[in-house]
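What follows is a set of notes on a single structure, which appears directly below.
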Amino acid sequence: MSFIWPPMLLSLGLIPIGVLLYRFLDRRRRSRLAAYGGSGLALGSARRPGFRSRIPAALLLLGLVMMSVAMARPQAVVSLPRQEGTVILAFDVSASMAATDLAPTRIAAAKVAAKDFVARQPSSVTIGVVAFSDSGVSVQAPTNDQATVLAAIDRLTPQRGTSVAQGILASLKAIAAAEAGPFSGDYYTNPTSGPAPTPTPTPTPMPAGVHAPAVIILLSDGENNENPDPAAAAQAAADQGVRIYTVGIGSSAGTTVTVEGFQVFTQLDQATLQSISDTTGGTYYAASDAQQLRSVYDNIDTQVVLQPQMTEITSLLAGMSLLLLFAGAVTSLLLLGRLP
């Protein structure tokens, strides 16, 4: 325990002085009563007090001690619940995300729900944005600046093919960069520019979910048509203990979308997304409409941890001191018939 105003602890020295002064005045009062002589009341009052009569004094002394300590504004290390972690929003920006089976379009609905999720996060949660089509890039490094994250989400537009694995690898790279400190590479504002991030070296396998404060929320229709294999990328995330929550955007019935003048049929590939979430210890959510997509985020939480931090406990001690002083006054009335 430490104190913000330690000189106030000197007030503790006044307590024994007050006790000695009280005893002196009490003895003088008793001696005056004894001087009347012959009075049963006086003789009864002069008797030595019993154990029960000392209880009020003990409570009052404890209350005064706590009040003096509270005046010094004590601090202590207290473990407080705190929601924290790193969340990577990995958006599928392939051409199929322009499909309208999720109104107004798949990507538009995903962006609206994601922005609502960002707005509800505390400042202790850092959020990054990754976009992937035939490659994966970090559009926004993890940050607790919500306005920056929302602007990055607004910039996303449908591009070319789909490589779910590249989205996972780019997300893992963003997590590693956030934990390592300032990132030395480039972050792109356009998911079609720049080279794809190189996969990180394969780490020593860890139990699923070990890296609990860092999660990936992967929003995609799951239609993978580019290398590498999504299963291998999911295993790389699992080996690092990073959970991936997959959100299926679109309908299993599918729809037709126009890509560079061609009509292309696209439908939700739930099996791929389910496999990714199962491998990493995450959860798969199917979002067949905009309202259901918003509710998905209510079930995705970052880890709530007990964070030790120095906290002022003045109010706690002050409250305890007032309770002790009140208890002392009440017991004095009950046992002695008078206030102290």
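The values are calculated or read from the model by the stated rules, or taken from the named source; none is laboratory data. Here the structure is a predicted model, which is why all the values come from computation and not from measurement. Using ideal geometry, Cβ is built from the backbone for each residue, glycine included, and neighbour counts are taken over all protein chains shown. Remember, those area values only see protein heavy atoms, side chains included, never the ligands or the DNA or RNA. Shrake-Rupley method; radii C 1.70, N 1.55, O 1.52, S 1.80 Å.
Here are some notes:
- In this entry, GLY222 is excluded by the filter for residues that are open to solvent by less than 40 Å² (accessible area, probe 1.4 Å), outside any loop (DSSP other than H, G, I, E, B) and at pLDDT 70 or above.
- Failed item, numbered, when LEU80 is tested on (1) closer than 18 Å to SER315 by Cβ; (2) in contact with a strand residue (DSSP E or B) (Cβ under 8 Å, 6 or more places away or on another chain); (3) modelled with pLDDT of 70 or more: (3)
- Cβ-Cβ under 9 Å pairs, at least 6 apart or on other chains, segment 1-29 side more than 30 Å from ALA76 (Cα to Cα), far side surrounded by 11 or more Cβ atoms within 10 Å (Cβ to Cβ): TYR22/ALA57; TYR22/PRO340; ARG29/SER45
- Residue selected from segment 156-176 under the condition open to solvent by 10 Å² or more (accessible area, probe 1.4 Å) and hydrophobic (A, V, I, L, M, F, W, C), by the criterion farthest from MET97 (Cα to Cα): ALA176
- In summary, ILE17 fulfils each of the numbered conditions (1) within 43 Å of the chain's Cα centre (by Cα); (2) modelled with pLDDT of 85 or more with the single exception of condition (1).
- Residue within segment 91-112 that is within 30 Å of the chain's Cα centre (by Cα), of a type in the set (Gly, Ala, Ser), open to solvent by 20 Å² or more (accessible area, probe 1.4 Å) and modelled with pLDDT of 85 or more present: yes
- Every test in (1) modelled with pLDDT under 50; (2) under 27 Å from ALA108 (Cβ atoms); (3) open to solvent by 50 Å² or more (accessible area, probe 1.4 Å) is passed by ALA196 save one, and that test is (3).
The rows are residues; the columns are (1) closer than 19 Å to GLY161 by Cβ; (2) surrounded by fewer than 17 Cβ atoms within 10 Å (Cβ to Cβ); (3) modelled with pLDDT of 70 or more; (4) over 26 Å from the mean Cα position of the chain (by Cα).
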residue: SER251; (1), (2), (3), (4): no, no, yes, yes
residue: THR266; (1), (2), (3), (4): yes, no, yes, yes
residue: THR272; (1), (2), (3), (4): yes, no, yes, yes
residue: THR280; (1), (2), (3), (4): no, no, yes, no
residue: TYR284; (1), (2), (3), (4): no, no, yes, no
residue: SER288; (1), (2), (3), (4): no, yes, no, yes
